[in-house]
Every structure is written in structure tokens, then in C-alpha cells.
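Below: one structure, written as C-alpha cells.
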Amino acid sequence: MDWRVKTTEAEIIPRLIEAEIIPRLMAAHRHDSTRGGSLAAKVFPEDVLAFSDISMQHDAAACLEFVASIRSRGVSLPAIYLDLIAPAASRLGALWCEDRCDFTLVTVGLWRMQQVLYDLSPEFRTGPEAAAGQRRRIMLSAVPGSQHTMGVLMVSEFFHRAGWDVWGEPMASQEDLLAAVSRQWFDVIGISVGSEPQLNHVGELIHGLRRASKNPEVRVMLGGPIAISHDYARKCGANAVASDAEQAIAIATQLALDAP
């Protein structure tokens, strides 16, 4: 679908694109050991349908109440993020793309889902995976010009939970990113690529970040909704590609360990 001809609300529509890219950005491995092994401790398709409808028809408090009811079955917070909120956001994006739902309802629904993320954040960040000892630092951002705020927010939450210090500005300009890497030390830079046209600018962005970086050995990792190959990553100067949040943490940790 050509998003450019869908509507004239060009500054708002990119926020809806995130509703379609979150599942690929955030879809993590479905291990029972991390999300609960019992049948009752899983998120079901009907839960996703109900949550997406509630987000459009009721307030943020109702969304939180519904999430609490799902958690009462023993569903873990990571599963709430990855198996409930992400696919529900994807459904809202699909409804809008198919002209089955009002633009305003979808926008409000996505905003309420993001509010749920903010409300759950303090507990999520202090989960059992939070690491002690040496803390690594990562910069997380979309390619400048993107507005994938919810997707980068969710990735940031998982890095916080894993014990990383995170600088995350999803809507940062290139000047903002260059200024940050020149003043602060980052072990890894993570860049989310949201559309094919952005691929033409990723190499230049990475080159500029490396030149400005306070850490001369900074590692760069790519991710996002675009299926980026490892070959492309090498050509544009990135060290690695991550397909989901859990893989991103594992790869970033290894990159930081391997740095001179």
C-alpha cells in the first residue's frame, strides 16, 4: 500500500506504521521457560482482539485493568509486551490500512497502548533479568525522519530490563545523534530501519556516527521492520543485524564483549 496517497496527515501517519512493524521488530522467541509453560499463562488470540478493541473504545485505565486480568493468569510481563500489546497494535494498523476503522480511533488506541507501556515500565525494568555489575551503554534510535516511537520504546524497555544504560530518542535528528555520540560513551549503537527508502541513507549515517563517536571502537547493530541482510549490514558499515528484541540483547552484549 502507498502510504503517501492514503492521507494528507503526513506527520501523524508514520506513527501508525509502527503498528505494523512492531511484531517484526519485537517478535521474540516463544520459550515457555521465559513466558510461563502452563496453558493459562499464555496470551490467546481472543485476548489480542479484546485488548485492541478496548484500547479504541475505552480509556487507558480500562486497558490497564484488562492487562491486569491477563497477568492474573500467570502471564509474564515480557509476554504482555510481545504477545499482547505488539500484536494488538499490529491489528489496529491493519484495520486502518483496510479502511475498516476510523483514523482517530486507531490513533487514540495506539496512544493508550503506549500509555500502558509507560505505566508498566518501572516494574518491567526491575525484572529478574536486570543485571548486576558492569553496565553497558547503548544508543537506540530509528533512522532520522522516522517516527517509530512505540517500537523503539519497547526495545529500550528490554535493554533496561537486561541491565543496560539506554539512550533512546526515537525521533532524534541526525544532529541530535551526532551530538550525543560525541559527548557520551556508547558501547553499541542500535539503529531501527523502518522503510526501504531509508536503506539509502543508513551507510552515511553509520559513517557519520563512527567519525563523531567518543568511543572509537563503537559497534553498530541494525534492526527494524525491513528485512536487512548481513551482507547489507557489512556494506554499510554495521557490525551485526538483530531480528528481534531478545536477539538484539544477545548480539549487543557479544559486540560489547568483543570490542578491543
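Over all other residues within a Cβ to Cβ distance under 13 Å of Phe66, the charged ones net out to -3, with Lys and Arg as +1 and Asp and Glu as -1.
How high is the FRET efficiency from Arg71 to Glu169, r the C-beta distance, R0 35 Å, rounded to 0.05? In this case the efficiency is close to 0.75. Across the range 131-243, the relative contact order, built from alpha-carbon pairs under 8 Å that are at least six residues apart, equals 26 percent. Extending 7 Å from the Cα toward the beta-carbon at both His58 and Arg183 defines two label points whose distance is 4.3 nm. Extending 7 Å from Cα along the Cβ direction at His201 and again at Ala94 yields two label points whose distance is 3.0 nm.
With each label modelled as a point 7 angstrom along the Cα→C-beta vector, the Asp231-Ala259 pair spans 3.0 nm.
Packing-wise, with mean Cβ within 10 Å as the measure, how do 150-158, 163-171, 106-114 rank, highest first? Before the final figure, lay out the partial values.
Values: 150-158: 24.7, 163-171: 17.9, 106-114: 21.3.
Result, highest mean Cβ count within 10 Å first: 150-158, 106-114, 163-171.
Taking Cβ atoms as reference points and 15 Å as the exclusive limit, the residues near Gln57 contribute a net charge of -1, counting Lys and Arg as +1 and Asp and Glu as -1.
If you wrap the range 205-260's Cα atoms in a convex hull and average its projection over all directions, what's the area in nm²? Present the calculation step by step, with values, prior to reporting the outcome.
Numbers: hull surface 16.0 nm².
Averaged projected area of the range 205-260's Cα convex hull equals 4.0 nm².
When only alpha carbons are used to place a centre, the range 70-96 and the range 171-229 end up 29 Å from one another. Give me the tail of P(r) for the range 137-258 as a percent: Cα-Cα pairs with distance above 21 Å. Summing the P(r) of the range 137-258 above 21 Å gives 27 percent of all pairs.
Since every read-out is calculated from the coordinates, none of them should be taken as a lab result. Computed from a prediction, not measured in an experiment: that's the story for all the values here. Here the Cβ is made from the backbone with ideal geometry for all residues, glycine too, and neighbour counts use every protein chain on show.
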